[in-house]
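To start, the structure under review is shown below, and the notes come after it.
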Amino acid sequence: MPEQNQEQGANKHRGIYLLPNLLTTAGLFSGFYAIVASMNERYEMAAIAIFIAMVFDGLDGRVARMTHTESDFGAEYDSMADIVSFGMAPALVAYNWALADLGKLGWLAAFIFVAGGALRLARFNTAHNSGAADKRYFQGLAIPSAAAIVAGLVWVGAKYEVDPTNVSLIVALFTICCGLLMVSNFRYHSFKDVDWRGKVNFLAILVVVLAFVVVATEPALVLFVLFTVYAISGPVLTIKNVSKLKLEHVIGDQHCDEDADFKADDKSKAAEAEKSEDKKE
């Protein structure tokens, strides 16, 4: 009987939570649709699908926390969906629209973006699981924001009927820069410290309404500009908060440098201790 009860208890904990993973699946579908739409030369719809995937990506985690349905499976599934929706999809949409005309440079630029996104997700998951990450800031540009810049650029070009052959180098530059910013050490505000349940005055609500109106007037251009400014804010914030800019502030593993300094201090202390013992003798 005790063994049967244990098996029944284990079965209760098996399975996955439906609602948050359903939202994650919707985001994954949007990213996959963006790839298919770009293959059919429907670039504006492809770019919009990536932004829709961003909405679902923002909802699944919040819904999981609000409904207490967080799980390890959901976190892993979300990362797998992100690499498709915000890694592969923007890179392939940009490649099909403009980068294919550049030959080898085009697909290398797309690969740099995909690799940067994968590394960004791996580093974020590692820091999040270890509990060492500062929730107020992101280390490196978040992959949805990078995807929004690339998708926004394609959306603007497709909407205003820009000849992609005339801007292929610009698209490659934006794609490469976004890929590199994702693996950089620049700090970006995560806005996770904002109290969304707190009270605000009437003026704040009015500003939010005006913001929606501005975005609705020219969504492609406004969203592209907003996310580009956010990408630039990382280097500006980092340079502003450090007295002297070093290589570890831009790229590399900062913890390795701290460990190296720590070991160097230990060696110097050991050497000083040996000298003092020699003097005593």
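Please list, in order along the stretch 171-179, the HN-Hα scalar couplings obtained from phi with the Karplus expression 6.51 cos²θ - 1.76 cosθ + 1.60 (θ = phi - 60°), rounded to whole Hz, x for Gly and Pro.
Result, ordered by residue: 4, 4, 5, 5, 5, 5, 4, 5, x Hz.
Collect residues whose amide H, placed 1.01 Å from N in the peptide plane, falls under 5 Å from the amide H of residue 189; neighbours closer than 5 in sequence don't count.
Sorted by chain and number, the residues that satisfy this are 138.
What is the set of long-range amide H partners of residue 251 at a cut-off below 5 Å, with H atoms built 1.01 Å from backbone N?
Under 5 Å from the amide H of residue 251: 185.
From the phi of every residue in the stretch 214-229, what ³J(HN,Hα) in whole Hz does the Karplus formula 6.51 cos²θ - 1.76 cosθ + 1.60 yield, where θ is phi - 60° and glycine or proline is x?
5, 5, 5, 5, 9, x, 4, 5, 5, 5, 4, 5, 4, 6, 5, 4
Give the residue from 250, 232, 172 lying farthest towards the positive end of the charge dipole for the stretch 101-253; charges sit on Cβ (+1 for Lys and Arg, -1 for Asp and Glu) and the dipole is referred to the Cα centre.
250
At most 13 other Cβ atoms within 10 Å and a DSSP loop assignment: could you name the trypsin sites (Lys or Arg not before Pro) in the stretch 82-189 that fit?
In loop regions of the stretch 82-189 (DSSP not H, G, I, E or B), the sparsely surrounded trypsin sites (Lys or Arg not before Pro) are 135, 136.
Determine the shape class of the stretch 170-258: with a ≥ b ≥ c the square roots of the Cα gyration tensor eigenvalues, call it rounded for a/c under 1.5, and otherwise prolate if a/b is greater than b/c, oblate otherwise. Mind dumping the intermediate values first?
On the way: a/c = 3.07, a/b = 1.51, b/c = 2.04.
Oblate, since a/c reaches 1.5 and b/c is not below a/b.
Taking 7 Å along the Cα-to-C-beta vector as the label spot, tell me the residue 19-residue 207 distance in nanometres, rounded to one decimal.
3.1
Only the coordinates and a few stated rules stand behind these numbers; no lab work does. Please read these numbers as outputs of a predicted model, since none were measured by experiment. Neighbour counts are summed over all protein chains in view; Cβ atoms, including those assigned to glycine, are modelled from backbone coordinates with ideal geometry.
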